[in-house]
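Trainee: My structure is below; once you've seen it, I'll send some questions.
Only the coordinates and a few stated rules stand behind these numbers; no lab work does. None of these values were measured; they are calculated from a predicted model. Heads up, the Cβs are rebuilt from the backbone with ideal geometry, glycines too, and the neighbour counts pull from every protein chain shown.
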Amino acid sequence: MNYLDVANSSFVFMVCGVIVFSVLVISCLFLWKAWKRGLELGMGREILMRTVKSSMTFSIAPSIPIVIALAAMVGILGIPFPWMRLSIIGSFQYELMTANIGATAMGIESLGGAGYTGQVFSNSMWVMSLGIIWGMIFSIFFLKKFSSTLESAQKKDSTKIQIIITALYFGMISVFVGPPIVSGGVQLYTLLVSALLLFAITYITRQMESTAAGDFAFTLSMVGGMIFAAFYTNLI
């Protein structure tokens, strides 16, 4: 049996569908409570509706890269699991990285490559899920204490804390940026093209003093990088 038969099975669809539906219910509950609290604070329905419409509009731009990422992952990991992951908590970079770790741990060189069986796919799913759960567990039990400690430290020496946070951020970014730089080839070229597009679009929007176009800078640079990679791969 091909592993995609397992990945696209009705059972996996059902489990992932239940999870996505649960998140939708929770989101609707939060929206209802926020709407109710807004009315209690004296906000008019017109203001609340305008806020909802504005939030929906500005959610379109960040959602486009997610849809593109989903389309890229479907051919490798099937439909339901990437759909569930990207709908609630995952990111394109993390999902592919951890899925690949799950594959290489079982002696497979690449996702979907030779020997990538249903068992290997299952291992990828477990690594993807268990690898990201610790952030939520930490937030539930320790985030309040961490926030108060961080706030106290910032009052004592805000410069040092800012340097530490910045270093942590760039360390996280290097995990995703480092491999293409080291590997070179089409990965590096795609990274450079996307970065150049991002800088160019940002510069143009600032010159035009247009914030609306700037909201789509990341999306356009991502799509441009993908188009370049497709053309470059076909050329070579």
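Trainee: Select from Ser87, Ser59, Ser148 the residue whose mean-square fluctuation is largest in a Gaussian network model of the chain (Cα-Cα springs shorter than 10 Å).
Mentor: Taking springs between Cα atoms under 10 Å, the residue moving most is Ser148.
Trainee: Can you give me the relative contact order of the chain as a percent, contacts being Cα pairs under 8 Å and 6 or more apart?
Mentor: Working: 146 pairs, mean separation 45.0, N = 236.
Over the chain, the number comes to 19 percent.
Trainee: Taking R0 as 22 Å, what's the FRET efficiency between Ala72 and Ala105 from their Cβ-Cβ distance, rounded to 0.05?
Mentor: Working: r = 22 Å, r/R0 = 1.02.
Efficiency, rounded to the nearest 0.05: 0.45.
Trainee: Each residue of region 121-138 in order: what ³J(HN,Hα) in whole Hz does its phi give by Karplus 6.51 cos²θ - 1.76 cosθ + 1.60, θ = phi - 60°, with x for Gly and Pro?
Mentor: Whole-Hz 3J(HN,Hα) from phi for region 121-138: 4, 4, 5, 4, 4, 5, 5, 4, 6, 6, x, 9, 6, 5, x, 5, 5, 4.
Trainee: On to the next question. How large is ³J(HN,Hα) for each residue in region 73-82, as worked out from phi by the Karplus curve 6.51 cos²θ - 1.76 cosθ + 1.60 (θ = phi - 60°), to whole Hz, x for Gly and Pro?
Mentor: These are the phi-based 3J(HN,Hα) values: 7, 4, x, 9, 10, x, 8, x, 5, x Hz.
Trainee: Using every pair of alpha-carbon atoms in region 178-236, split the distances into 5 Å bins beginning at 0 and state the percent of pairs per bin, rounded to integers.
Mentor: For region 178-236, the pair-distance distribution reads 4, 21, 23, 20, 14, 9, 7, 2.
Trainee: Which value, in debye to the nearest 20, gives the size of the charge dipole of region 10-97 about its Cα centre, when Lys and Arg are +1 and Asp and Glu are -1 at the Cβ? Can you show the working numbers first?
Mentor: Details: 7 positive and 3 negative charges, 64 e Å.
Roughly 300 debye, rounded to the nearest 20.
Trainee: Quick query: amide H of Ile79 versus all other amide H atoms, modeled in the peptide plane; which residues come in under 5 Å with a sequence gap of 5 or more or a different chain?
Mentor: Result for Ile79 returns nothing.
Trainee: Any idea what Rg and Dmax come out to for region 59-140 if you just take the C-alpha atoms, in Å?
Mentor: Answer for region 59-140, Rg first and Dmax second: 13.1, 40 Å.
Trainee: Take every Cα pair under 8 Å in region 106-236 that's 6+ residues apart, average their separations, divide by the length, and report that relative contact order as a whole percent. The partial results should precede the final answer.
Mentor: On the way: 45 pairs, mean separation 22.3, N = 131.
Reported as a whole number, the value is 17 percent.
Trainee: Along the charge dipole of the chain, Cβ charges K/R +1 and D/E -1, which of Phe121, Val25, Val67 sits furthest on the positive end?
Mentor: Value computed over the given set: Val25.
Trainee: Against the 2.2 N^0.38 Å scaling, with N counting residues, where does region 1-78 land? I'd like the Cα-based Rg ratio to two decimal places.
Mentor: 1.59
Trainee: Relative contact order of region 178-236, please, whole-number percent, based on alpha carbon pairs below 8 angstrom and at least 6 residues apart. Mind showing how you got there, number by number?
Mentor: Values: 39 pairs, mean separation 24.4, N = 59.
Averaging sequence separation for qualifying contacts and normalising by length gives 41 percent for region 178-236.
Trainee: Take the Cα coordinates of region 3-156, assign each an equal point scatterer, and use the Debye formula without solvent to give log10 I(q)/I(0) at q = 0.10, 0.11, 0.21 Å⁻¹.
Mentor: -0.53, -0.62, -1.28
Trainee: With the dipole of region 92-236 worked out from charges on the C-beta (+1 for Lys and Arg, -1 for Asp and Glu) around the Cα centre, which of Ile140, Thr159, Thr202 lies farthest toward the positive end?
Mentor: Toward the positive end, the furthest listed residue is Thr159.
Trainee: Could you work out which residue, out of Leu143, Leu77, Leu188, moves most in a Gaussian network model of the chain, that is, has the largest mean-square fluctuation with Cα springs under 10 Å?
Mentor: Among Leu143, Leu77, Leu188, the largest mean-square fluctuation in the Gaussian network model of the chain belongs to Leu143.
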